[in-house]
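Since the structure comes first, as structure tokens, the remarks are kept for the end.
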Amino acid sequence: MPVVVAEVIRKAPLTDAKVAFAWRLAVGPAVAKATTVRLATDGTLYVNAESKAWVDSIRASVGLIRSRLAHYLGEDAVKRISYPEP
């Protein structure tokens, strides 16, 4: 089932809602609830978090997050993830 979901999501137009949905699938509901994301036209995913602890969690898992986002959005959708530095 996850493969089918990923295929359907990848084929849909790249919208803010699609990016937010893929983000939630990639990071899980707790991180998704504590963060907001915006994908710029240059492929930079801007992540804002409620606290430094969430930023630290994202930083520690950025490789896995990028891999999961590529799975749902396609290899070229997210070129870079930017989050506030402490």
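The values are calculated or read from the model by the stated rules, or taken from the named source; none is laboratory data. Owing to the predicted nature of the structure, the values given are computational and were not obtained by experimental measurement. Ideal geometry is used to build each Cβ from the backbone, glycine not excepted, and the neighbour counts take in all protein chains shown. Only protein heavy atoms, including side chains, enter the accessible area calculation; ligands, DNA and RNA are left aside. Shrake-Rupley method; radii C 1.70, N 1.55, O 1.52, S 1.80 Å.
Give Pro13, Pro29 a once-over and let me know the one that is out of contact with any strand residue (DSSP E or B) (no Cβ under 9 Å at 6 or more places or on another chain) and at pLDDT 95 or above. I'd like the intermediate steps shown before the answer.
Values: Pro13 fails: at pLDDT 95 or above.
On inspection, the qualifying residue turns out to be Pro29.
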Within the stretch 1-52, residues in a loop (DSSP other than H, G, I, E, B), open to solvent by 80 Å² or more (accessible area, probe 1.4 Å) and without any contact (Cβ under 8 Å) to a residue 24 or more places away in the chain come out as Met1, Pro13, Thr41, Glu50
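Suppose we filter the stretch 53-83 for residues that are within 25 Å of Pro13 (Cα to Cα), in a helix (DSSP H, G or I) and among the basic types (Lys, Arg); how many remain? Write out each step before concluding.
We begin by selecting, within the stretch 53-83, every residue within 25 Å of Pro13 (Cα to Cα); these are 62-83.
Narrowing further to those that are in a helix (DSSP H, G or I): 62-73.
If we keep only those that are among the basic types (Lys, Arg) too, we end up with 66, 68.
Looking only at that region, the number is 2.
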Per the filter on the stretch 64-84, residues open to solvent by 50 Å² or more (accessible area, probe 1.4 Å) and without any contact (Cβ under 8 Å) to a residue 40 or more places away in the chain are Leu64, Arg66, Ser67, Glu75, Asp76, Lys79, Arg80, Pro84
